[in-house]
Amino acid sequence: MLQFDKNTPILSITDQASARVQEIVKGAESDVIGLRIGIKTAGCSGLQYNVEFAKEQQPFEDAIDVNGVLVLIDPAAVMFLVGTEMDWTEDKFNSSFVFNNPNETARCGCGESFSIS
């Protein structure tokens, strides 16, 4: 069962992820206002993080200012994201946003999906 402290942020973003968010939004089409973070049903463990461009803020979305860049949180994803840290990693073979979610109870072998009990 998920339990949250009322002071726990929905999402925190590392400096590396913040810099990458700024780069992505700066290079996007002119009507993009920021990024939207959500969850979708996918993968062998059931859930997958979803990051996409946002062209407008939807009703009930939480907004986070990341050094002047807007990050919107899909309201359907809030209960899955509370306390999550979004990071950006790069190595010789891969670069991606990584979500360190204390609520995850399982992750598939390839790391693409997760579950929460």
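Only one of the numbered conditions (1) outside any helix (DSSP H, G or I); (2) in contact (Cβ under 8 Å) with a residue 60 or more places away in the chain is violated by residue 17, and that is (1).
When segment 10-46 is filtered for residues that are among the hydroxyl-bearing types (Ser, Thr, Tyr) and surrounded by 14 or more Cβ atoms within 10 Å (Cβ to Cβ), the ones remaining, listed by number, are 12, 14, 18, 45.
Can you confirm whether residue 72 is farther than 19 Å from residue 102 by Cα, surrounded by 12 or more Cβ atoms within 10 Å (Cβ to Cβ) and in contact with a strand residue (DSSP E or B) (Cβ under 9 Å, 6 or more places away or on another chain)? So residue 72 passes the test. Look at segment 56-68: where a residue is over 16 Å from residue 9 (Cβ atoms) and in a loop (DSSP other than H, G, I, E, B) and a partner is of a type in the set (A, V, I, L, M) and modelled with pLDDT under 95, sitting 6+ places away or on another chain with Cβ atoms under 9 Å, you get 56/33; 57/33; 57/63; 57/70. Scanning segment 82-95 for residues that are over 13 Å from residue 35 (Cβ atoms) and surrounded by 14 or more Cβ atoms within 10 Å (Cβ to Cβ) gives 82, 83, 84, 85, 87.
Among the residues of segment 82-94, those identified as closer than 17 Å to residue 24 by Cα and either of a type in the set (Phe, Trp, Tyr) or at pLDDT below 90 (or both) are 88, 94. Tell me whether segment 33-51 contains one or more residues that are modelled with pLDDT of 90 or more and in a helix (DSSP H, G or I). No; the residues of segment 33-51 include none that is modelled with pLDDT of 90 or more and in a helix (DSSP H, G or I). I'm checking my understanding of the structure. Among residues of segment 65-81 that are among the β-branched types (Val, Ile, Thr) and modelled with pLDDT of 90 or more, which one is farthest from residue 35 (Cα to Cα)? In this case the residue turns out to be 78. Total residues in segment 47-69 satisfying the condition of being surrounded by 15 or more Cβ atoms within 10 Å (Cβ to Cβ) and either of a type in the set (Asp, Glu) or touching a Cys at 6+ places or on another chain (Cβ under 9 Å) (or both): the figure is 2.
The values are calculated or read from the model by the stated rules, or taken from the named source; none is laboratory data. Treat the numbers as computed from the prediction; the structure is a model and nothing was measured. Using ideal geometry, Cβ is built from the backbone for each residue, glycine included, and neighbour counts are taken over all protein chains shown.
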